[in-house]
Amino acid sequence: MAKINAKSVMQVHAKTFGIEPIGWVFAPGRVNLIGDHTDYNDGFVFPVALEIGAFISYSRNTTGQLRARSMNMEATLERPLDAPAFDDWLDYVLGVLQALAKHQGAPLPSGLDLTIGSTVPTGASVSSSAALEIATLRAATQAFGMDVAPEVLAQLAQKAENEFVGVNCGLMDQMASSTGKPGSALFFDTMTLETTLEPLPTDFSFVTIHSGLSRQLTSGAYNERRSQCEAAAKAIGVPSLRTASMEQVGALPAGKTQDRARHVVTENERVLKARDALREGKMDDFGRLMTESHWSLSRDFQTSTREVDALVESCLSRGALGARITGAGFGGCIVALVKSGEEAALARSLRLAHPTAWHVATSTGLKD
Ligand code: GLA
C-alpha cells in the first residue's frame, strides 16, 4: 500500500475513478487525556486532536451513487446514496452523508467519488471512525459548496454513528476531530456544548501507546455501560449523572450500578481539576489525576484489562507522571505523561516488557 498522505489519495483517486479530484481534506484522530465515559452522561471531556487522521480526496459524479476507494482496505465499494446500512466500513461514510442531506433538507445534489486513506489505527480508541466521519463531511460540504459549522458537523457524525452504524457513542470524538487542534487540549462540556482550547505545555508530552490489543466497540459492552449509567441516574432521580453528588451515589445499593456512577461523578471532578492543573502548569497534579482516572476506569467502570493495567503500571514505574487507558477501553491505547525528551526512552524500555505495545503519537505544546 502506498504511504497515506494528501498526495497519494489524490493520485489513487485519479487512477481509480479516471477523473482528477476536486480537492482533498483531512480530519484528525484524537487521544482523550482525561474524562472517559463521561460524555454520554452530560459530563466533561479533555481530548487532543492528533497529527494522524483520515485523508479524503473527492469529486462529484452523475450516477447518484457513492463510490468510495479505501486505500487501507484496498477495496472500492459503490452504493446508492440512500442505501440502508450494510454493516461494513462504508456505513460510516454513507451514514454521515445521509445525515448531511437530512440536515440540508434535500438529497445531495449529485453522486460522490471519494478516495479514503487513514493513518489512524482502527479499534485502538483513537477515533478512527470519527476521523473518517468528519473527513467525509468536510469532503462533501466542500464538493457541494455547503457551509456547515464544525460543531454541527460533529453532531451530524454522532447522529449517524448512533442511528446508522448502531453505536450509542457520545459527542466527544466527533467534536475533537471537528474542532480540536494539535498542540491544545479541547475542554468540552457535553451538557452546555461549551468548548475551550487549552494550550499544552511545551516541556511535557502526552504519549499515546497502543497496547497491541484491539477492541471491538460495537461488541455491546459500551452500550451496556451507557445503560448502566442511565439506570444509576434514574435510581438517584436526576436527568443524568452530571448532576449527581457523591452522597447520592453513596446511597445507592452497593454493586455495579453504584460503581459505574462513582466513576462518572469522580471523573467529572478530575477533568475540572486537570484543566486547572494544566492552566497553572502543575503537571505533577495532572499526571496524578490521570492515574486516578485509570484506576477508576479499571475498578469501578471495568473498561480496562489486565494487560492494559500492567502497561499503565510499567509507564509509571519508568518515570511517567501519570498514565491511563484512553477512550472506550477494553484494550486499545493508553496515554502517558512524560517530560519532553523522555518519550523515546519510555517507548524503548516498554518494548522489552510489552512486546505487543507500540508508539502511536506524541502530543505536546506548539512553540511560537
Ligand atoms: C468512545 C465514544 C465516546 C466516549 C468514549 C469514552 O470513544 O465514541 O463518545 O464515550 O468512548 O469516553
Quick one: what pairs do we get from region 343-357, first residue touching a residue at least 12 places away in the same chain (Cβ under 8 Å), second among the hydroxyl-bearing types (Ser, Thr, Tyr), C-beta under 7 Å, 6+ apart or different chains? 343/205; 343/362; 350/314; 353/314; 354/314; 356/211; 357/211
Screening 364, 291, 266 for residues that are on the phi < 0 side of the Ramachandran plot and under 18 Å from the mean Cα position of the chain (by Cα) leaves only 364
All but one of (1) free of Cβ contacts under 8 Å to residues at least 60 places away in the same chain; (2) open to solvent by less than 10 Å² (accessible area, probe 1.4 Å) hold for residue 303; state the number of the condition that does not hold. (1)
Residue 322 passes all but one of (1) more than 16 Å from the ligand (Cβ to nearest atom); (2) open to solvent by 20 Å² or more (accessible area, probe 1.4 Å); which number fails? (2)
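Here is a check on your reading of the model: is residue 275 touching a Leu at 6+ places or on another chain (Cβ under 6 Å), closer than 19 Å to residue 172 by Cα and outside any loop (DSSP other than H, G, I, E, B)? So that I can check it myself, show each step before the final result.
Values: touching a Leu at 6+ places or on another chain (Cβ under 6 Å): no; closer than 19 Å to residue 172 by Cα: yes; outside any loop (DSSP other than H, G, I, E, B): yes.
When the stated conditions are applied, residue 275 does not pass them.
Out of the strands (runs of 3 or more DSSP E) lying entirely within region 180-271, which hold 1 or more residues that are in contact (Cβ under 8 Å) with a residue 12 or more places away in the chain and open to solvent by less than 10 Å² (accessible area, probe 1.4 Å)? Can you show your working first?
Numbers: elements: 184-189, 194-199, 204-210.
Here the list reads 184-189, 204-210.
Would you mind finding the one in 330, 286 that is on the phi > 0 side of the Ramachandran plot and hydrophobic (A, V, I, L, M, F, W, C)?
Details: 286 fails: on the phi > 0 side of the Ramachandran plot.
So the residue among 330, 286 that is on the phi > 0 side of the Ramachandran plot and hydrophobic (A, V, I, L, M, F, W, C) is 330.
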Every residue in region 70-101 that is in contact with a strand residue (DSSP E or B) (Cβ under 6 Å, 6 or more places away or on another chain), buried (at least 17 other Cβ atoms within 10 Å of the Cβ) and among the charged types (D, E, K, R), please. 79
Among (1) open to solvent by less than 30 Å² (accessible area, probe 1.4 Å); (2) in contact with an Asp or Glu (Cβ under 6 Å, 6 or more places away or on another chain); (3) not aromatic (Phe, Trp, Tyr), the one test that residue 165 misses: (1)
Out of the strands (runs of 3 or more DSSP E) lying entirely within region 4-103, which hold 1 or more residues that are within 16 Å of the ligand (Cβ to nearest atom) and under 30 Å from residue 259 (Cβ atoms)? 23-32, 47-61
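Does region 125-150 hold any residues that are within 15 Å of the ligand (Cβ to nearest atom) and either open to solvent by 10 Å² or more (accessible area, probe 1.4 Å) or at positive phi (or both), and which are they?
Filtering region 125-150 for residues within 15 Å of the ligand (Cβ to nearest atom) gives 125-134.
Residues satisfying the conditions are 125, 127, 128, 129, 132.
Okay, residues lined up against (1) within 18 Å of residue 202 (Cβ to Cβ); (2) open to solvent by less than 10 Å² (accessible area, probe 1.4 Å); (3) more than 16 Å from the ligand (Cβ to nearest atom):
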{"position": "287", "(1), (2), (3)": "yes, yes, yes"}
{"position": "293", "(1), (2), (3)": "no, yes, no"}
{"position": "308", "(1), (2), (3)": "no, yes, no"}
{"position": "328", "(1), (2), (3)": "no, no, no"}
{"position": "350", "(1), (2), (3)": "no, yes, yes"}
Kindly evaluate residue 37 against the criterion of being closer than 25 Å to residue 191 by Cβ and open to solvent by 30 Å² or more (accessible area, probe 1.4 Å). no
Would you pick out the residues in region 155-190 that are of a type in the set (D, E, K, R) and over 16 Å from residue 53 (Cα atoms)? 159, 161, 163, 189
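The values are calculated or read from the model by the stated rules, or taken from the named source; none is laboratory data. Just so we're clear, the structure is a prediction, and the values are computed from it rather than from any experiment. Here Cβ is always computed from backbone atoms with ideal geometry, including for glycine, and neighbour counts include all displayed protein chains. These area figures cover heavy atoms from the full protein model, side chains too; ligands, DNA and RNA do not enter into them. Shrake-Rupley method; radii C 1.70, N 1.55, O 1.52, S 1.80 Å.
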